Amino acid sequence: MTRRPLIANILVALALVVGFGWLCTTVFAVLGTQTDWSKAWEYRETLWRGWWMTLRISVAALLGSIFFGLLFMLGQRSPLVVVRWTCRAFLEFVRDTPLLVHLLFGYFVIFAPLISRPLGERGFDDKLIIGILLLSVFEGAYLGEILRGGVDSIPRTQWESARAVGFSRFQVYRYVIFPQALRRVLPAMAGLFVSLIKDSSLLNVIGVAEYFYNTKNFISRSYAGLEGYVPLALGYLILTLPVAWLSHWLEKRFRHET
Amino acid sequence: MKLDVTGLTKCYGTTRAADGLSLSVESSRVLVLIGPSGGGKSTLLRMLGGLEIPDAGTIAINGQRLLSDAAALQAYRRKNGFLFQQFNLFPHLTARRNISLPLEKVHGHTPAEAHTMAEQALDRFSLLDHADKLPAQLSGGQQQRVGIARAVARQPEVLFLDEPTSALDPEMTAEVLELIQELADAGQDIILSTHEMGFARAVADQVAFVAMGKIAEFSPPAELFGTPKSAICQRFLSRVMRY
């Protein structure tokens, strides 16, 4: 680095550190006297249970969203025009309405009256299952679009060559189209999974005891401030950062291959 | 091979790519389709190869009527080979894997068998050095040769080649044409479309001139190139032979 940019960099870095430091000290000056980390420690068990629940919801909804994503993608490529249009309309509806509405409407209006009792009788947590289902459909709608984009981006000759060597319809997807399409959409998919983890916090509105829900309860019961929100943010970061890193790594790895 | 085509019609929107096309070939080893671009060569070849279903008309190869249901067409494609202008290979697989994967998944060979067969196919065309390269690391000519190696790895009944050298420079064209000549000499039944007139003349034992969705002329190469009868074929040949 030559002299000038070096100095400029140092100056900007200094300004940022000072600015951030000032913000932190101001916030701590207001809250500092009331911040009591032992409160968070007291509630560690609920927080841990919430975090663990969020992790499980995320994994389940991730698998669910892959299932729905594939379904929506194939639906949009169906030879039947009715299936294609229904699929399009449904996707458009899902993508253009808030997840919060899906959860409230889907749980209280559609699913709870239908399946809450049978689920409960069999010893399942109906809120959790319906919440995961709704979250899967919502993220699946986005994933369906991502996958469709990836599949559409594969040139026509690849489909034809695959048919020419004698692959069946399923084999064409399995051995030729998906491996190429997935490489192209992996970064977008990883981004979506990061969103999914964060969106799972919305399940608190139907009373699923996940990380946000438990933290919120802890905060309102103990009048906590920083000691509630800081672990909350960190807890989500622990889940999302590995996914983000993984996506960057995959992106780099596959870039050289095509 | 023996070939019987009657009243073949195929429309794309309002254009008639094949328009009541008929062709009867008693016996031919290498049948070459020539003619102007957009005249219907590719469409005819794709229908013969079972990649496109005709709107009307019938095709029979070696006395076997070509059916139009998906399962029969797939079975038909499995016993033949087809090569396009370019991008034949699957870019995420090595040259070897491009050949062995269909052998495993389509023809039910064990991975070890498929591996050996792929090796032999590559070796036959002196491509063994490139076995572990991805298509992007190969030249256009090498890609086409691997494509042909894949198509003939399991002794296809008929090998269909749709303008196999149109996307290549002259040097690569030569290497691919040599390979096709070699296959023809070895007795492989081939139907190919091309713009390489010299090659068509040398390799074909029958030439069909396809224009406006029909066979305008059909005869042995010496005759068709020497004394073309139809006006449209005369015009075409005088134009392409001028330079």
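The values are calculated or read from the model by the stated rules, or taken from the named source; none is laboratory data. Since the model is a prediction, treat every value here as computed from it, not as a measurement. Positions of Cβ are generated from backbone atoms using ideal geometry, with glycine treated the same way; all protein chains shown enter the neighbour counts.
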Q: Specify which of the listed residues (A:ARG156, A:ARG148, A:ARG183, A:ARG163) is at the interface with chain B (Cβ under 10 Å from one of its Cβ atoms), touching a residue at least 24 places away in the same chain (Cβ under 8 Å) and not β-branched (Val, Ile, Thr).
A: A:ARG183
(Q) Being buried (at least 20 other Cβ atoms within 10 Å of the Cβ), more than 29 Å from B:ALA17 (Cβ to Cβ), out of contact with any His (no Cβ under 8 Å at 6 or more places or on another chain) and away from every other protein chain (no Cβ under 14 Å) is the requirement here; does B:LEU192 meet it? (A) no
Q: Give the residues of the range B:102-127 that are closer than 13 Å to A:GLY166 by Cβ, more than 8 Å from chain A (Cβ to nearest Cβ) and over 21 Å from the mean Cα position of the chain (by Cα), sorted by residue number.
A: B:GLU104, B:GLY108, B:HIS109
Q) What number goes with the only condition from (1) free of Cβ contacts under 8 Å to residues at least 24 places away in the same chain; (2) within 15 Å of the chain's Cα centre (by Cα) that B:GLY40 does not pass? A) (1)
Q. Filtering the range A:185-232 down to residues that are buried (at least 18 other Cβ atoms within 10 Å of the Cβ) and charged (D, E, K, R), which residue is nearest to the chain's Cα centre (by Cα)?
A. A:ASP199
Q. Can you find even one residue in the range A:203-220 that is free of Cβ contacts under 8 Å to residues at least 12 places away in the same chain and within 30 Å of A:GLN34 (Cβ to Cβ)?
A. yes
**Q.** Matching option when the condition is at the interface with chain A (Cβ under 10 Å from one of its Cβ atoms) and part of a helix (DSSP H, G or I), among B:GLY141, B:GLY147, B:GLY50
**A.** B:GLY147
Q: Looking only at the range B:29-50, decide whether some residue is among the hydroxyl-bearing types (Ser, Thr, Tyr), within 18 Å of B:ALA204 (Cα to Cα) and surrounded by 14 or more Cβ atoms within 10 Å (Cβ to Cβ).
A: yes
Q.
Looking at (1) at pLDDT 90 or above; (2) of a type in the set (S, T, N, Q); (3) touching a helix residue (DSSP H, G or I) at 6+ places or on another chain (Cβ under 6 Å), which one does A:THR46 not meet, given that it meets all the others?
A. (1)
**Q.** Residue that is nearest to the other protein chains (Cβ to nearest Cβ) [pool: residues in the range B:65-101 that are charged (D, E, K, R) and not in a helix (DSSP H, G or I)]
**A.** B:ASP69
Q: Tell me which of these B:ALA136 doesn't satisfy, since it passes every other one: (1) in contact with a helix residue (DSSP H, G or I) (Cβ under 8 Å, 6 or more places away or on another chain); (2) under 21 Å from A:VAL176 (Cβ atoms).
A: (1)
Q. If you go through the range B:201-229 one residue at a time, how many are within 18 Å of B:GLY38 (Cβ to Cβ) and outside any strand (DSSP E or B)?
A. 2
Q) Going by the structure shown, is B:ASN62 within 19 Å of the chain's Cα centre (by Cα), among the polar types (S, T, N, Q) and within 12 Å of chain A (Cβ to nearest Cβ)? A) no
